[in-house]
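What follows is one structure encoded as structure tokens, with my remarks underneath.
The values are calculated or read from the model by the stated rules, or taken from the named source; none is laboratory data. What you see is a predicted model; the values in this text were computed from it and never measured. When we count neighbours, we look across all protein chains shown, and the Cβ atoms used for this are built from the backbone with ideal geometry, even at glycine.
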């Protein structure tokens with residue numbers, strides 16, 4: 001599974017026009033993105049990166065069924081915590097992708113994440129072109145995309161979130177799932193694993 005790389009608060013993310021102590025996992029914080037039922041007895045946290053190939057595989061293979069079964073029905077509160085892992089194009093795609101998702105707004109955040117995961121291989125091959133296309137599909141112009149991924153304050157905030165997840169929550173690889181405070185072994189998990197953990201947490 002990808003492990004977190006060192007993240008510098010800089011804007012020299014190539015190819016993308018400058019885009020691009022352990023206390024245990026926290027619950028949903030104001031700057032996290034969430035879906036589902038915030039009043040649910042079960043909270044599922046996913047620490048993930050849109051530049052992580054294993055996260056992409058989980059998203060394409062498992063997430064649709066997970067969402068239909070648990071998020072859309074209000075059985076869980078799903079919390080997304082952003083991570084930056086790997087190096088090179090993976091971390092560039094992740095940083096620029098998360099900045100783009102937030103610029104699109106809360107109502108389109110998960111739609112952007114969805115589009116990046118579905119076009120992940122294309123994004124690795126042609127980062128800027130792919131992300132610009134996704135931005136345009138969300139109603140943004142190329143100029144707005146450039147301004148978004150070149151926002152130094154937004155990148156600093158992203159790096160601070162990643163640092164918090166790594167140091168305070170003790171998470172250093174993706175994907176990592178935490179269900180009602182209980183962390184699963186980092187890595188890919190089929191729906192059956194999540195079913196079992198959610199059932200246990202709901203008791």
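Summary of computed values
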read-out: Candidates 98, 124 - the one that is in a helix (DSSP H, G or I) and in contact with a strand residue (DSSP E or B) (Cβ under 6 Å, 6 or more places away or on another chain); value: 98
read-out: The lone exception for residue 56 - which of (1) closer than 15 Å to residue 188 by Cα; (2) out of contact with any helix residue (DSSP H, G or I) (no Cβ under 6 Å at 6 or more places or on another chain); (3) not in a strand (DSSP E or B) it fails; value: (2)
read-out: Pick from region 133-170, criterion part of a loop (DSSP other than H, G, I, E, B) and modelled with pLDDT of 95 or more, ranking: nearest to residue 59 (Cα to Cα); value: 138
read-out: Subset of region 124-171 (residues that are in contact with a helix residue (DSSP H, G or I) (Cβ under 6 Å, 6 or more places away or on another chain), under 18 Å from residue 91 (Cβ atoms) and surrounded by fewer than 19 Cβ atoms within 10 Å (Cβ to Cβ)); value: 124, 154
read-out: Any chance residue 19 is crowded, with 19+ Cβ neighbours inside 10 Å and either touching a strand residue (DSSP E or B) at 6+ places or on another chain (Cβ under 8 Å) or at pLDDT below 50 (or both); value: yes
read-out: Test result for residue 110, surrounded by fewer than 20 Cβ atoms within 10 Å (Cβ to Cβ), under 12 Å from the mean Cα position of the chain (by Cα) and closer than 19 Å to residue 144 by Cα; value: yes
read-out: Candidate set: region 35-53, residues that are under 11 Å from the mean Cα position of the chain (by Cα) and in a strand (DSSP E or B); chosen: the one nearest to residue 76 (Cα to Cα); value: 45
read-out: Subset of region 103-120 (residues that are farther than 19 Å from residue 64 by Cβ and touching a strand residue (DSSP E or B) at 6+ places or on another chain (Cβ under 8 Å)); value: 106
read-out: Residue match in region 71-86 (condition: touching a helix residue (DSSP H, G or I) at 6+ places or on another chain (Cβ under 6 Å), surrounded by fewer than 21 Cβ atoms within 10 Å (Cβ to Cβ) and farther than 22 Å from residue 171 by Cβ); value: no
read-out: Condition check for residue 27: assigned to a loop (DSSP other than H, G, I, E, B), at pLDDT 95 or above and in contact with a strand residue (DSSP E or B) (Cβ under 7 Å, 6 or more places away or on another chain); value: no
